[in-house]
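Some notes on the structure that comes next.
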Amino acid sequence: MEVATADDDDPFEEQRERAENPMRRLFTEYGAENKPAFVVGLLSSVVARVLDLIPPVLLGLAVDAIFFDNKAFSLLFVPDAWIPATEIGQLWLTIGIISFAFFGGAAFHYSRNWGWNSFAQHIQHDIRTDTYDKMQRLNMDFFADKQTGEMMSILSNDVNRLERFLNDGMNSAFRLGVMVVGIAVVLLVINWQLALVTLFIVPLLALFTHKFIQTIQPKYKEVRSSVGQVNSRLENNLGGIQVIKTSNTESFESDRVDDVSQDYFDANWDAIGTRIKFFPGLRVLAGVGFVVTFLLGGLWVLGEPLGPFTGRLEPGEFVTFILLSQRFIWPMAQFGSIINMYQRAYASSARIFGLMDEPSRIAEDPDAEELVIEDGHVTYEDVTFGYSEEVIVDDISFEVDGGETLALVGPTGAGKSTVLKLLLRMYDVDEGAITIDGTDLRDVTIPSLRRQVGYVSQDTFMFYGTVAENITYGTFDASREDVVEAAKAAEAHDFITNLPEGYDTEVGERGVKLSGGQRQRISIARAILKDPEILVLDEATSDVDTETEMLIQRSLDKLTADRTTFAIAHRLSTIKDADQIVVLEDGRIVERGSHDELIGEDGLYAHLWGVQAGEIDELPEEFVRRAQERDAQRVESDDD
C-alpha cells in the first residue's frame with residue numbers, strides 16, 4: 001500500500017509550516033521559566049562526567065608509577081607535598097580518590113537526573129495546558145476541519161515526545177558532550193600523537209550522521225501524519241460504536257482500521273528501516289577507530305611504532321588510552337540516537353507552536369467592558385457573515401424586545417444556527433453589527449456575554465460524571481437545593497430520583513446511560529440554573545418522542561418566561577406562539593411575522609407548515625423544485 005505524503009494527509013501541515021524556529025521557541029518561551037532545574041541538570045552532568053574520567057586516568061598512572069616505576073607519581077592540582085613517599089601510600093591515595101570519584105559521581109548523577117526530569121516534566125505540563133487552552137479558544141470553523149483524534153495526537157503524542165527529548169535527549173546530549181570533550185582533552189595531554197589517531201574517526205561520524213538526518217526527517221513527517229489518521233479513525237469508530245453494531249458493519253470498520261494502521265505500519269517501518277541501518281553503521285565506524293587505536297598503540301608499547309610516532313608510550317598510558325578511547329568512540333555513536341530524538345521533537349514542536357500561532361477570527365478589544373443587560377433588547381443590523389468566499393448569512397436585520405421570543409425557521413442550511421452563534425460570538429460578523437441594549441457585542445468581553453446567554457441545543461452533550469455535576473456545569477458554586485429546584489423546573493426531578501444513585505448517578509460517556517429526552521431535560525436544567533438574561537434554543541425538542549416533547553415544552557415555557565428568547569425549530573408546532581417568526585432561505589430573510597400572518601401569506605413558511613401537516617400533495621411544484629435544489633447543493637458542499 002502506498003504511503004501518503006505528509007503534505008497531503010497531515011491536517012496540521014499549514015500550522016506546522018507557519019511555525020518558525022519551534023525548538024528555539026521551546027527553550028526561550030518555556031525553558032526560561034524552568035532555568036534553575038536546567039542549571040542543576042547541566043552542572044551536575046559536567047561534574048558527574050569529570051568524576052567518571054578520574055578512575056581510568058589514575059589506573060594508568062598507578063600502572064606506570066607504582067607497579068612498573070617508569071615515572072614519578074604526580075597528580076594534577078595536588079601539591080607534591082601531599083603525595084605519600086611510599087608506593088603503598090600512593091596506592092592507598094589512588095584507591096581513596098577513585099572511591100571518592102565513584103561515590104561523588106553517583107550523587108551528581110542523581111542530581112543530574114533530578115534536574116533534567118524536573119525541567120522536562122514542568123515544560124511538558126506547561127505546553128500541554130497552554131496548547132489545550134489555545135485549542136479550546138479557537139473558532140468553531142477550525143474544529144469543523146479537524147477530527148478529535150488528530151487534535152488528541154498533538155495534546156498527547158507530540159507533547160510526550162517533547163518531554164522525552166527534553167529529558168532523555170538533552171540529558172544524554174550534555175552527558176555525552178562533556179564526556180567526549182573531556183576524554184579528547186585527556187587523550188591529547190597524555191599522548192597527542194596517538195590521540196590524533198583516535199580522533200580521526202570524528203569527521204566520518206559527523207558526515208554519516210548528517211546524511212542520516214537528511215534521510216530520516218521526511219520519513220518522520222509521514223509517520224506523524226499516519227499517527228493522526230489512526231487516532232482519528234479509532235476515535236470516530238469508538239464514538240459511533242452503536243451505529244456500527246446496529247448497521248452490522250464491524251467487518252467493514254475493521255477493514256478501515258486495518259487500512260489506516262497499514263499506512264502507519266508502512267510509514268513507520270520505512271523510518272525504522274533507515275534507523276536500524278544507521279546505528280550499526282555508526283558502530284562499525286566507531287569499531288574501526290578503536291581497532292586502529294589498539295593496533296598502533298599496542299605496537300608502540302612493544303617498541304615497534306608505525307609511521308611518524310616519536311618518543312615512548314608507557315604501558316599505563318596505553319591502558320588509559322584503551323579505556324578512554326572506548327568511552328570516547330561509543331558515545332560518539334550514541335549521538336545518532338540523540339539526533340533521532342531531536343528530529344522527532346522538532347516535528348512535534350512545529351505542530352504544537354503552529355497550533356498556538358493559529359490566528360483567531362475573534363479578536364477581543366483590550367478595552368472591552370463587562371456586558372450589563374437591563375432590558376435584553378437585541379438588534380441585528382445588516383449582518384453578513386461567511387467562511388472564506390462562501391456567504392452564510394447575508395444582510396440580516398431584525399429586532400427583539402426584552403422578554404420577547406423570536407423564532408428562526410427555514411430549510412436545512414439556511415443559516416439559522418449561524419445567526420445565533422453570532423450572538424454568542426462563536427464567530428464575529430463580517431459586516432454590520434449585533435447589539436444588546438444598544439451595546440455592540442464587539443465592545444464587551446466574551447466571558448461576560450456568554451455568562452448571560454443560555455444555550456440549549458439539540459445535541460445535548462453530557463460530561464462524564466454525575467447528574468448533579470452535569471446540571472451545575474458552568475454554575476459550579478450552586479447548592480444542591482438550587483440544583484433540585486432547577487431540575488424540577490425542567491421536569492427532570494422525577495426521573496432523576498428514580499435513577500440508582502439519584503443526583504449522584506454516573507451518566508456514562510457522553511450521557512450514554514440516559515435517554516435523549518432525559519439528557520435534553522438535564523441540559524434545560526443546566527440553563528435554568530444559570531438563570532441567563534437571554535436564552536437560545538437550537539432545536540431543543542427535534543429528536544424526542546411526542547410525550548417527551550410535551551414535558552420538555554412545559555420546561556421551556558417556564559424557562560422562557562420574561563426572558564429574551566431565540567428559538568430554532570424544524571417542528572413548527574413548538575414555535576407557532578412566538579412573538580415574531582423570521583423565515584430564512586439561503587442566508588437571507590424571506591418572510592417575517594406571526595404564525596397566522598405567515599400562514600396567510602402562503603409563502604415558504606406556509607409550505608413548511610403544510611409539509612408537517614401531511615399536505616404534501618397540495619404543495620406547489622416550485623417549492624418541491626427548490627427543495628430538490630437545496631438538497632443537491634448540500635450534497636455538493638459535503639463532497640467539497
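The values are calculated or read from the model by the stated rules, or taken from the named source; none is laboratory data. Given the structure is predicted, the values throughout are model-derived calculations rather than measurements. All Cβ positions, even for glycine, are placed from backbone atoms using ideal geometry, and neighbour counts span all protein chains on display.
In the range 577-592, of all residues being of a type in the set (A, V, I, L, M, F, W, C) and in contact with a Leu (Cβ under 8 Å, 6 or more places away or on another chain), the one that is farthest from residue 415 (Cα to Cα) corresponds to 578.
Pairs meeting the criteria (first residue in the range 593-604 and in the same structural domain as residue 397 (by TED's automatic domain parsing) and in contact (Cβ under 8 Å) with a residue 60 or more places away in the chain, second residue surrounded by 15 or more Cβ atoms within 10 Å (Cβ to Cβ) and of a type in the set (Asp, Glu), beta carbons under 7 Å, at least 6 apart or on different chains) are 604/585; 604/591. So for the range 541-562 (the condition being in contact with a strand residue (DSSP E or B) (Cβ under 7 Å, 6 or more places away or on another chain) and in a strand (DSSP E or B)), does at least one residue qualify? No, the conditions are met nowhere in the range 541-562. Residues of the range 435-450 being under 11 Å from residue 372 (Cβ atoms), of a type in the set (Val, Ile, Thr) and over 31 Å from the mean Cα position of the chain (by Cα), which ones? Answer for the range 435-450, where residues must be under 11 Å from residue 372 (Cβ atoms), of a type in the set (Val, Ile, Thr) and over 31 Å from the mean Cα position of the chain (by Cα): 436, 439. Yes or no: the range 73-93 includes at least one residue that is among the β-branched types (Val, Ile, Thr) and surrounded by 16 or more Cβ atoms within 10 Å (Cβ to Cβ). No, the range 73-93 contains no residue that is among the β-branched types (Val, Ile, Thr) and surrounded by 16 or more Cβ atoms within 10 Å (Cβ to Cβ). Where helices (runs of 4 or more DSSP H) fall wholly inside the range 1-108, no range has 3 or more residues that are touching a Leu at 6+ places or on another chain (Cβ under 6 Å) and at pLDDT below 75.
Would you mind stating whether residue 506 is more than 29 Å from residue 370 (Cα to Cα) and outside the structural domain of residue 389 (by TED's automatic domain parsing)? Here the answer is yes, as residue 506 does meet what is asked.
Taking the criterion of being free of Cβ contacts under 8 Å to residues at least 60 places away in the same chain and polar (S, T, N, Q), the residues of the range 237-287 that qualify are 237, 242, 246, 247, 248, 249, 251, 254, 261, 268. Scanning the range 302-316 for residues that are surrounded by 11 or more Cβ atoms within 10 Å (Cβ to Cβ), in contact (Cβ under 8 Å) with a residue 40 or more places away in the chain and closer than 24 Å to residue 62 by Cα turns up 313, 314, 315, 316. Every listed requirement among (1) surrounded by fewer than 17 Cβ atoms within 10 Å (Cβ to Cβ); (2) not assigned by TED's automatic domain parsing to the domain that holds residue 26 is met by residue 373 save one, (1). Of all the criteria given as (1) out of contact with any helix residue (DSSP H, G or I) (no Cβ under 8 Å at 6 or more places or on another chain); (2) closer than 30 Å to residue 239 by Cβ; (3) at pLDDT 85 or above; (4) surrounded by fewer than 19 Cβ atoms within 10 Å (Cβ to Cβ), the one not satisfied by residue 477 is (2).
If you go through the range 553-569 and pick out every residue that is crowded, with 18+ Cβ neighbours inside 10 Å, farther than 18 Å from residue 531 by Cβ and not small (Gly, Ala, Ser), you end up with 1. Give the number of residues within the range 376-403 that are crowded, with 17+ Cβ neighbours inside 10 Å and acidic (Asp, Glu). Summing the residues that are crowded, with 17+ Cβ neighbours inside 10 Å and acidic (Asp, Glu) in the range 376-403 gives 1. Would you be able to say whether some residue in the range 461-470 is closer than 30 Å to residue 430 by Cα, touching a helix residue (DSSP H, G or I) at 6+ places or on another chain (Cβ under 7 Å) and modelled with pLDDT of 85 or more? Checked the range 461-470: no residue is closer than 30 Å to residue 430 by Cα, touching a helix residue (DSSP H, G or I) at 6+ places or on another chain (Cβ under 7 Å) and modelled with pLDDT of 85 or more. Quick check on residue 276: is it under 31 Å from the mean Cα position of the chain (by Cα), closer than 19 Å to residue 212 by Cα and among the aliphatic types (A, V, I, L, M)? For residue 276, the condition - under 31 Å from the mean Cα position of the chain (by Cα), closer than 19 Å to residue 212 by Cα and among the aliphatic types (A, V, I, L, M) - is met. Among the residues of the range 579-607, those that are part of a strand (DSSP E or B) and among the hydrophobic types (A, V, I, L, M, F, W, C) comprise 581, 582, 583, 584, 589, 590. Quick one: which of 400, 419, 391, 483 is modelled with pLDDT of 90 or more, of a type outside the set (Asp, Glu) and over 19 Å from residue 565 (Cβ atoms)? Being modelled with pLDDT of 90 or more, of a type outside the set (Asp, Glu) and over 19 Å from residue 565 (Cβ atoms) holds for just one of 400, 419, 391, 483, which is 483.
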